[in-house]
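S.K.: This structure is in structure tokens; I'll ask about it shortly.
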Amino acid sequence: MTSTSQDNRANLYPEITPKEEVETGNEISHFILDFIDEDLAPGGRSEGMRIHTRFPPEPNGYLHIGHAKAIVIDFGTAELYDGLCNLRMDDTNPEKEDESYVEAIKQDIHWLGYDWGDRFYYASDYFEEMYGYAEELIEKGLAFVCEQTPDEIRDTRGTLTTPGTNSPWRDRPIEENMDLFRRMRAGEFPDGQYTLRAKIDMTSGNMNMRDPVIYRIAHKEHHRTGNTWCIYPMYDFAHPLEDAIEHITHSLCSLEFEDHRPLYDWFIENCSVPSKPRQIEFARLNINYTVMSKRKLRALVEEGLVDGWDDPRLPTLRGLRRRGYTPRAIRDFCERNGVSKVPSVVDVKFLEYCLREDLNKRAPRAMGVLDPVRLTITNYPEGKKETFVVDNHPNDPDAGSHEITFSRHLLIERDDFMEDPPPKYHRLYPGNLVRLRGACIVRCTGCKKDADGNVKEVLAEYITGTRGGTSPPGEKVRGTIHWLDEETAVPCEIRLYDHLFAVEDPDGDPRDYHELLNPNSLTVLTDAYVEPWLVTAHSKIGYQFMRQGYFIEDNHDSSEEHLVFNRSVSLRDSYKPDM
RNA sequence: UGGGGUGUAGCCAAGUGGUAAAGGCACGGGACUUUGACUCCCGCAUUCGCAGGUUCAAGUCCUGCCAUCCCAGCCA
């Protein structure tokens, strides 16, 4: 179908790694880096140490672009200081977590361009050590076994404005606490019978300090430790210990953990851990016209409102990948947004800009017609055919070239013809000269319509001496349009995407989210055509369909027999009809 | 009548007492153009949530106020 002599270098541009990015010098500066610099300075808490961070996802869902920001910060910060970043599954709750997410998470992080070397861990690896620290707290009189029910705990915790009251079990003797805790571990009690609580301060203004539960009984099989344990540590207790055990120097997390920091520090101080990590919080990423919470994403998937976790309209990394987002663009987006403590909502236009910027430099150009109408070159003989060579990239000669064919009957975009155009319309209308990109100049001579007045065929004649598309002497051709040879054009399906939600802030809208969905978030074009080159080119980063946008083959549904393209993002369009 | 944060342009975001408040996105205008793309130029906060105060000098320091986000899981 396609010529074998084509210079096919659609994948000329490799992904560059984040490390190479750092080396090519992005100047990044924000408060976390300032803190680290202080810690590294003489007399600082990290003086002489190698910076060590971690990314600690809970394996209970797929990663989204909000996680990407955290990943870029965690791994990126380590890279910046020539330090290390661990990947750790925070699997302390067997009720919610599952091994099936683990591989997906690792895959997505690798895809984003980061690597944790041999430092892949599970929080559950440390259950024994954590248990030891809990016994230490009991021994120090800093933890007690409590018999209050969940309701009682809630009732005695107090409210935001009133202090809590001590549990009646708070002063249980150390030996008794130890005995009970060991029997909790031994499985002598049913779920919920006892908890282990830290003994801190029931009157604290910080709710987290009101004798928080640090161990609960759950006779539940854990995805890794099986039935070894029937007591599991809570996040607030487990996390600082995990960090300390791994010698994390800086534990970077999101803002909602800010008021957990006193608790974090309390455990670090009161358990004889091998290192003293510092927790620093930053604002998580939000983007308008979408939702980021796992709960809401899950609802969309489970209700079948989208096509799985990798639906191209979703902000999941799998969705973005299927949509055609490059790791480079996502990293760039995260970095350029900066790191601060301002709860912010970034304009999705900025994300799109980052993608265009990347793809403009690297994506091979091709022609695709989304909404076709026939263009007949009336002075070009029926049956004649010729071939043109077009560059794969207008600004980069090294990107190679490929061939396209031309004949009497072509396919053009329906809106590139108007019988009665507004002023400054540079495309086809009776009498106007237009360039068929890469082929020649034609003059529009009219059109044929069906009984209902719909344009069925546009008519034009080519201007001799304009082969390749050079302007005829003395004339300036303002309009250039894309086209396909009807004979060789390959039919395909094209999917156009728009915001999943019709409102800017779905989270802040009181209406039910079903009402907020954008009914036009997906448009399927079944009568679209592309160059035959695309059947075999297989560009990993997709193509720019000239004058349209960037498109990538769908990683589920496309095949050489039935091509399916997703529009990753449209081109900027500054054309405004004068009315 | 709790605790912890945050307020610099439509959106991000620098700024750490001293000549004119970075930069990017968006937006508007122009040049160039075989993509109405790209690229390139120009414009876009007399003012930093508000009100006082300190100072020769305040977005930066002080006081008060306002707005807004997070916290009452045996979730993370």
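Please treat every number below as a calculation from the coordinates, not as lab data. Fair warning: this is a prediction, and the values are worked out from it, not measured in the lab. Quick reminder, even Gly has a Cβ in these numbers, built from the backbone with ideal geometry, and neighbours come from all protein chains shown.
S.K.: Semi-axes of the equivalent ellipsoid for segment A:513-559, please: Cα gyration tensor eigenvalues, times 5, square-rooted, ordered largest first, whole Å.
M.R.: Details: eigenvalues 140, 32, 25 Å².
Gyration-tensor ellipsoid for segment A:513-559: 26, 13, 11 Å.
S.K.: Kindly rank A:184-197, A:506-519 from highest to lowest mean number of other beta carbons found within 10 Å of each residue. Each step should come with its number before you reach the end.
M.R.: Working: A:184-197: 16.9, A:506-519: 12.4.
Most protected by this proxy first, the peptides run A:184-197, A:506-519.
S.K.: Positive end of the charge dipole of segment A:514-579 (Lys, Arg +1 and Asp, Glu -1 on Cβ, about the Cα centre): tell me which of A:551, A:571, A:528 has its Cα farthest that way.
M.R.: A:571
S.K.: Go ahead and collect, in residue order, the members of segment A:242-272 whose backbone nitrogen is under 20 Å from a label point 7 Å along the Cα-Cβ direction of residue A:201.
M.R.: Residues A:257-271 qualify, since their backbone N sits under 20 Å from the label point.
S.K.: Considering all projection directions equally, how large on average is the shadow of the alpha-carbon convex hull of segment A:416-531, in square nanometres?
M.R.: Working: hull surface 45.4 nm².
Averaged projected hull area, Cα only: 11.4 nm².
S.K.: Okay, next question. Please state the charge dipole magnitude for segment A:310-409, taken about the Cα centre, from unit charges on C-beta atoms (+1 on K and R, -1 on D and E), reported in debye and rounded to the nearest 20.
M.R.: Values: 18 positive and 15 negative charges, 66 e Å.
Here the size comes out at about 320 debye.
S.K.: Regarding segment A:132-192, what's the average projected area of the Cα-atom convex hull, expressed in nm²? Don't jump to the answer; show the numbers that get you there.
M.R.: Numbers: hull surface 19.1 nm².
Taking the Cα atoms of segment A:132-192, their convex hull projects to 4.8 nm² on average.
S.K.: Taking the dipole about the Cα centre of segment A:432-537, with the C-beta of Lys and Arg at +1 and of Asp and Glu at -1, give me whichever of A:433, A:483, A:500 is farthest to the positive side.
M.R.: Towards the positive end, the residue furthest out is A:433.
S.K.: For segment A:94-104, just list the computed ³J(HN,Hα) in residue order, Karplus coefficients 6.51, -1.76 and 1.60, θ = phi - 60°, integers in Hz, with x standing in for Gly and Pro.
M.R.: x, 5, 10, 9, 8, 4, 5, 7, 4, 5, 4
S.K.: Taking a cut-off of 18 Å, what percent of all Cα-Cα pairs in segment A:194-305 are separated by more than that?
M.R.: Numbers: 3966 of 6216 pairs.
It works out to 64 percent of all Cα pairs.
S.K.: Can I ask one more? In sequence order, what are the phi-derived ³J(HN,Hα) couplings for segment A:155-165 according to the Karplus relation 6.51 cos²θ - 1.76 cosθ + 1.60 with θ = phi - 60°, rounded to whole Hz, with x for glycine and proline?
M.R.: Coupling constants for segment A:155-165: 5, 9, 6, x, 10, 4, 10, 10, x, x, 10 Hz.
S.K.: Grab the eigenvalues of the alpha-carbon gyration tensor for segment A:485-579, scale each by 5, take roots, and send me the semi-axes largest first in whole angstrom.
M.R.: Numbers: eigenvalues 184, 63, 28 Å².
Ellipsoid half-lengths, sorted descending, are 30, 18, 12 Å.
S.K.: Oh, and also: Starting from the exponent 0.38 and prefactor 2.2 Å, build the expected Rg for segment A:468-534 from its residue count and divide its actual Cα Rg by it.
M.R.: 1.91
S.K.: Between the alpha-carbon centers of segment A:42-78 and segment A:407-439, tell me the distance in whole angstrom.
M.R.: Taking the Cα centre of segment A:407-439 as reference, the centre of segment A:42-78 is 54 Å away.
S.K.: Taking each pair of different alpha-carbon atoms in segment A:340-415 once, compute 1/r for the pair, average those values, and report the inverse of that mean as the Kirkwood hydrodynamic radius in Å to one decimal. Display every interim value, and only then the final one.
M.R.: Numbers: mean 1/r = 0.0618 Å⁻¹.
Computed over segment A:340-415, the radius equals 16.2 Å.
S.K.: Over the C-alpha atoms of chain A, what are the Rg and the largest Cα-to-Cα span, Dmax, in Å?
M.R.: 30.9, 102
S.K.: Volume per residue, Å³, of the convex hull around the alpha-carbon atoms of segment A:223-377?
M.R.: Working: hull volume 31.6 nm³, N = 155.
Taking the convex hull of the Cα positions in segment A:223-377, it is 204 Å³ per residue.
S.K.: Of A:87, A:404, A:225, which is farthest towards the positive pole of chain A's charge dipole, taken about the Cα centre with +1 and -1 on the beta-carbons of Lys, Arg and Asp, Glu respectively?
M.R.: Value computed over the given set: A:404.
S.K.: So what does log10 I(q)/I(0) come out to for segment A:254-316 at q = 0.16, 0.19 Å⁻¹, using the Debye formula with one equal point on every Cα and no solvent?
M.R.: Computed log10 I(q)/I(0) values: -0.68, -0.75.
S.K.: Could you give the angle, 0 to 90 degrees to the nearest 10, between helix A:65-80's Cα long axis and the longest principal axis of the Cα atoms of chain A?
M.R.: Once rounded, the angle reads 80 degrees.
S.K.: Here's another thing I want to ask about it. Post the alpha-carbon centroid distance, segment A:459-502 to segment A:549-579, in whole angstrom.
M.R.: Between the Cα centres of segment A:459-502 and segment A:549-579 lies a distance of 15 Å.
S.K.: Still on this structure, please answer the following. Placing +1 at every Lys and Arg Cβ and -1 at every Asp and Glu Cβ, with all other atoms neutral, what dipole size does segment A:251-382 have around its Cα centre, in debye to the nearest 20? Don't jump to the answer; show the numbers that get you there.
M.R.: Values: 23 positive and 19 negative charges, 71 e Å.
My answer is approximately 340 debye.
S.K.: To continue, here is another question. Treating the Cα atoms of segment A:306-455 as identical point scatterers in vacuum, please give the log10 of the normalised Debye intensity I(q)/I(0) at q = 0.14 Å⁻¹, two decimals.
M.R.: -0.94
S.K.: Along segment A:514-524, what does the Karplus equation 6.51 cos²θ - 1.76 cosθ + 1.60 (θ = phi - 60°) give for ³J(HN,Hα), rounded to whole Hz, x for Gly and Pro?
M.R.: 4, 6, 9, 5, 7, x, 9, 5, 9, 10, 9
S.K.: So, one more: Among A:289-295, A:377-383, what's the highest-first ranking by average C-beta atoms within 10 angstrom per residue? Each step should come with its number before you reach the end.
M.R.: Details: A:289-295: 17.3, A:377-383: 13.0.
Ranked from most to least packed, the peptides come out as A:289-295, A:377-383.
S.K.: Next up: If you place +1 on the Cβ of every Lys and Arg, -1 on the Cβ of every Asp and Glu, and leave all else neutral, what size is the dipole of chain A about its Cα centre, to the nearest 20 Debye?
M.R.: 1800
S.K.: Can you list residues whose amide H is under 5 Å from residue A:392's amide H, if they're 5+ apart or on another chain and H is modeled 1.01 Å from N?
M.R.: A:400, A:401, A:402
S.K.: Determine, for A:539, A:570, the number of other Cβ atoms within 10 Å of each Cβ, and report the residues in order from fewest to most. All intermediate terms of the calculation are to be shown ahead of the outcome.
M.R.: On the way: A:539 22, A:570 16.
Fewest to most other Cβ atoms nearby, the residues stand as A:570, A:539.
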